[in-house]
1. Can you report the number of residues in segment 125-135 which are closer than 22 Å to Asn181 by Cβ and free of Cβ contacts under 8 Å to residues at least 40 places away in the same chain?
2. So, Val81, is that one in the same structural domain as Ala186 (by TED's automatic domain parsing), more than 25 Å from the chain's Cα centre (by Cα), assigned to a helix (DSSP H, G or I) and more than 23 Å from Leu199 (Cβ to Cβ) or not?
3. Among the residues of segment 254-275 satisfying the criterion of being buried (at least 24 other Cβ atoms within 10 Å of the Cβ) and within 30 Å of Gly44 (Cα to Cα), which is modelled with the lowest pLDDT?
4. Which members of segment 298-316 meet the condition of being in a helix (DSSP H, G or I) and either surrounded by fewer than 17 Cβ atoms within 10 Å (Cβ to Cβ) or under 25 Å from the mean Cα position of the chain (by Cα) (or both)?
5. With (1) at positive phi; (2) at pLDDT 90 or above; (3) crowded, with 18+ Cβ neighbours inside 10 Å as the list, and Gly74 as the residue in question, which single condition is left unmet?
6. If you check every pair at least six apart or on different chains, which have Cβ atoms under 6 Å apart with a residue in segment 195-216 that is outside the structural domain of Pro269 (by TED's automatic domain parsing) and touching a residue at least 12 places away in the same chain (Cβ under 8 Å) first and a residue that is assigned to a loop (DSSP other than H, G, I, E, B) and not basic (Lys, Arg) second?
7. Condition first: in a loop (DSSP other than H, G, I, E, B) and small (Gly, Ala, Ser). Now tell me which residues in segment 334-350 satisfy that.
Amino acid sequence: MTQAQQIPTPRPEPGVPDVTREAIARAGRIVLKVGTGVLTHPDGTIARSRLFSVVEVASRLRREGREVLIVTSGAVGLGSVALQLPDPPDTAELKQTCAAVGQSRLMELYQQGFARLGVTCAQILITWTDFDDRVRYLNLHETLQSLFRLGVVPIVNENDTISLNDRVYRGTGKRPIFDDNDRLGALVASELAADLIVLLTDVPGVMTADPRRDPGATLITRIDRPEDHGIEVDGRSDAGRGGMASKLEAASVASRGGCHTVIASGLAPGVLDRVLAGEEEGTWIPPRQALSSRSRWIAYCSHPRGTLVLGPEAVDRLRDGAALRAGAVAKAEGQFRRGDVVEIRAPDGSLVGRGVVAVDSAVAREAVARRPASFGGRELVAREHIILKHRPQGRPDGSNGDSNG
């Protein structure tokens, strides 16, 4: 039996009742994220038995009247095998080519599995722009809700065939909204206000060290604040783009959507049954006080169009609940329009939060240039449109609470 330990909450979340794993057994809306290492063998060929076991569990959940969505990896890997490439694709062009070849093959396997059990599934391919644009974000929500009402199991994957993440962000120092399916799964779970997301991977859960290098590594069964876990985790897996660090980041996003997260091995027989029964399987990250739907979009789903750099003492005033006015801003960077999301940064460049700006960039720069003696002047971001970044072991800030924005 795997040794295990818990990392308890360093400071309880105010206003959030204590929860146990028993709540997982009552989850009505569930997201299952299946990683490349689960769906494929080491040689890159598809692990049909593991894929079909996920399909069987999802079908059973549907028969029980629960709503289930699958976020799947594997298209690039299947395409690589079909094209008989000697090595994994390492350029954006080749990844997109492999995805174009592999996506239909991956979906065919899911359709065969669900049809055999009398369940209808649907393919949904997503790019970061579907989250970034508020209208498309809401349209996605309505489509998924409609599929649930009709008893359909959505199969979601990033549209790697046309995804421009590698090209757009190369050399910019910025990251896309999601650059792996762990974060995509967490964003979908958050967008749907899901009760549970299970991240199936090729290890038992979050370990105290890399078990491939340290035989004494033990399983951590519970982490309350994944952004504060304080342990070293592996960076990337061999087969997919996501590693344990990305799963912990995804868990942080999901928890702020009020969603339970379990990171567990998809290689172990019956693991989903044990997770869904609320048993102590894998690493559990409990939900925290949920942000509103719009706040979650600001914090996690939108791509900032600019940056407002705060002046001295402005960070504390913002955390104390003040709106962001021109007198508190030292510099406005980038080109943005009224209604765009911008980053809010401290004088040292560290991220303070995000907000929906009330003016365009030209007006913001003009207002900042006047630099009122006090923290007054034109309001650039209203308080209700500011989501502050989480502070380790800190208290929630303002009416919107802590955020990992």
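The values are calculated or read from the model by the stated rules, or taken from the named source; none is laboratory data. As the structure is a computational prediction, the values presented were derived from the model and not from experiment. Cβ atoms come from the backbone with ideal geometry, glycine included; neighbour counts cover every protein chain shown.
1. To start, the set of residues in segment 125-135 that are closer than 22 Å to Asn181 by Cβ comprises 125-133.
Keeping just the survivors that are free of Cβ contacts under 8 Å to residues at least 40 places away in the same chain gives 125, 127, 129-130, 133.
Residues meeting the conditions: 5.
2. Numbers: in the same structural domain as Ala186 (by TED's automatic domain parsing): yes; more than 25 Å from the chain's Cα centre (by Cα): yes; assigned to a helix (DSSP H, G or I): yes; more than 23 Å from Leu199 (Cβ to Cβ): yes.
Taking the combined requirement at face value, the residue satisfies it.
3. From segment 254-275, those buried (at least 24 other Cβ atoms within 10 Å of the Cβ) are 254-257, 259-263, 266, 272, 275; that's our starting set.
After this cut, where a residue has to be within 30 Å of Gly44 (Cα to Cα) as well, the list is 254, 261-263, 266, 272, 275.
Working: Ala254: 90, Thr261: 96, Val262: 97, Ile263: 96, Gly266: 94, Leu272: 96, Val275: 97.
Taking the candidates together, the pick is Ala254.
4. Taking segment 298-316 and keeping what is in a helix (DSSP H, G or I), we get 298-301, 314-316.
Scanning segment 298-316 gives Ile298, Ala299, Tyr300, Cys301, Asp316.
5. (2)
6. none
7. Keep residues of segment 334-350 that are in a loop (DSSP other than H, G, I, E, B), which gives 335-340, 346-350.
Within segment 334-350, Gly339, Ala346, Gly349, Ser350 qualify.
Yes/no matrix, rows are residues, columns are (1) within 15 Å of Arg383 (Cα to Cα); (2) of a type in the set (Lys, Arg):
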{"residue": "Arg274", "(1), (2)": "no, yes"}
{"residue": "Ala277", "(1), (2)": "no, no"}
{"residue": "Ile285", "(1), (2)": "no, no"}
{"residue": "Ala290", "(1), (2)": "no, no"}
{"residue": "His303", "(1), (2)": "no, no"}
{"residue": "Val315", "(1), (2)": "yes, no"}
